[in-house]
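Comments concern the structure below.
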Amino acid sequence: MLVVKTVEELKNVLFRVHSAGKSVGFVPTMGALHEGHLALLQQARSENEAVVCSIFVNPMQFNNDADLQKYPRTLEADLTLLQGLVDVVFAPSKQEVFPEPPTEKYDFGQLETVMEGTARPGHFNGVAIIVKRLFEWINPEKAYFGEKDFQQLVIVKKMAKQYKLQTEIVSCPIVREESGLAFSSRNKRLSDSELNLAANINRILRGSSIIGNPSVEAIKSFVTNELDKYPALKLDYFEIVNAQTLQPVETLKSAKHIVGCIAVYVGEVRLIDNIRYK
Ligand code: PAF
């Protein structure tokens with residue numbers, strides 16, 4: 001496993017890999033790796049001849065400085081986990097990625113005017129800036145994204161289409177702890193009691209998918225009423241949306257695929273999760 005820190009080294013290594021005709025699978029991460037990342041990497045390993053993983057806490061996608069400062073950084077432990085799974089790790093500094101303040105502006109239309117887009121202004125522009133640059137430097141055949149960040153996945157797919165990128169975006173199912181809590185780097189900031197509390201998010205979402213005679217209103221009331229039972233869980237939003245357009249639906253008949261997306265504060269830590277209703 002080669003760990004490279006500069007774009008020049010990365011391009012040199014990748015030039016040799018591409019010239020040898022090897023297919024490249026790429027998993028972008030912000031580190032603090034967990035089972036969810038490992039599942040993406042395993043899938044990349046099984047579908048490609050070479051696997052690249054990036055570890056970079058991208059300041060451009062944080063709209064809150066305290067959140068950026070507190071984001072877990074565990075590079076040594078991450079590199080240990082990656083041994084044997086990955087061929088190349090790209091772990092650059094901020095100066096390496098952004099030698100000058102980035103000025104790119106992306107427009108994803110209505111996809112970014114809802115949910116995380118409204119809760120975290122500028123977030124998806126920041127995600128797009130880093131993902132597009134990484135794709136240009138690595139030029140992977142396939143890149144792997146988890147469905148936990150559902151809106152991010154839809155937006156990255158949109159970007160790949162808008163810019164006719166050669167990279168296929170592969171969506172991978174959410175990986176969960178035994179409690180049902182979706183694996184997230186942010187879970188590392190939760191105490192044991194907060195971890196127990198946070199498990200209710202997925203339990204409530206699952207409950208909402210099996211209520212009798214479900215309607216959008218009934219599902220929404222179920223979720224908000226259940227969450228209200230836990231004062232330490234603060235709902236940021238819960239939206240039931242068309243899985244392609246991300247626009248809220250009025251009935252469960254409004255679209256072929258419908259997803260419920262939620263953001264909840266557990267203490268200071270904001271977690272997201274989602275569930276498919278159809
Ligand atoms: O999902 C993430 O961890 C990040 O948004 C990504 C895709 C690595 C870009 O910084």
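The values are calculated or read from the model by the stated rules, or taken from the named source; none is laboratory data. The model shown is predicted, which means the values in this text are computed figures rather than measured ones. No Cβ is skipped: glycine too gets one built from the backbone with ideal geometry, and neighbour counts run over all protein chains shown. Keep in mind that these areas ignore ligands, DNA and RNA; they rest on the heavy atoms of the full protein, side chains included. Shrake-Rupley method; radii C 1.70, N 1.55, O 1.52, S 1.80 Å.
Brief remarks follow.
- Looking only at residues in the range 171-186 that are open to solvent by less than 20 Å² (accessible area, probe 1.4 Å) and away from the ligand (no atom under 13 Å from the Cβ), the one that is farthest from residue 137 (Cα to Cα) is 180.
- If the condition is being in contact (Cβ under 8 Å) with a residue 24 or more places away in the chain, in a loop (DSSP other than H, G, I, E, B) and within 25 Å of the chain's Cα centre (by Cα), then the range 210-268 contributes 232, 243, 244, 245, 246, 247, 249, 267, 268.
- For the range 24-37, the tally of residues that are more than 13 Å from the ligand (Cβ to nearest atom) and open to solvent by 30 Å² or more (accessible area, probe 1.4 Å) stands at 1.
- Some residue of the range 96-114 being within 11 Å of the ligand (Cβ to nearest atom), of a type outside the set (S, T, N, Q) and within 27 Å of residue 15 (Cα to Cα): yes
- Condition check for residue 205: on the phi > 0 side of the Ramachandran plot and open to solvent by less than 10 Å² (accessible area, probe 1.4 Å): no
- In the range 231-278, of all residues being among the hydroxyl-bearing types (Ser, Thr, Tyr) and over 15 Å from residue 150 (Cα atoms), the one that is most open to solvent (accessible area, probe 1.4 Å) corresponds to 265.
- Residue count, the range 18-39 (criterion: touching a Ser or Thr at 6+ places or on another chain (Cβ under 9 Å) and in a helix (DSSP H, G or I)): 2
- The listed residue being charged (D, E, K, R), under 19 Å from the mean Cα position of the chain (by Cα) and farther than 27 Å from residue 163 by Cβ, out of 35, 76: 35
- When we screen 74, 80, 6 for residues that are over 24 Å from residue 168 (Cα atoms) and surrounded by 15 or more Cβ atoms within 10 Å (Cβ to Cβ), the only hit is 74.
- Some residue of the range 109-125 being aromatic (Phe, Trp, Tyr) and assigned to a loop (DSSP other than H, G, I, E, B): no
- Candidates 54, 93 - the one that is exposed (fewer than 14 other Cβ atoms within 10 Å of the Cβ), within 16 Å of the ligand (Cβ to nearest atom) and touching a residue at least 24 places away in the same chain (Cβ under 8 Å): 93
- Listed by first and then second residue, the pairs with beta-carbon distance under 7 Å, at least 6 apart or on different chains, first residue in the range 122-148 and among the hydroxyl-bearing types (Ser, Thr, Tyr), second within 9 Å of the ligand (Cβ to nearest atom), are 144/27.
- Total residues in the range 115-151, condition within 13 Å of the ligand (Cβ to nearest atom) and either hydrophobic (A, V, I, L, M, F, W, C) or in contact with an Asp or Glu (Cβ under 7 Å, 6 or more places away or on another chain) (or both): 15
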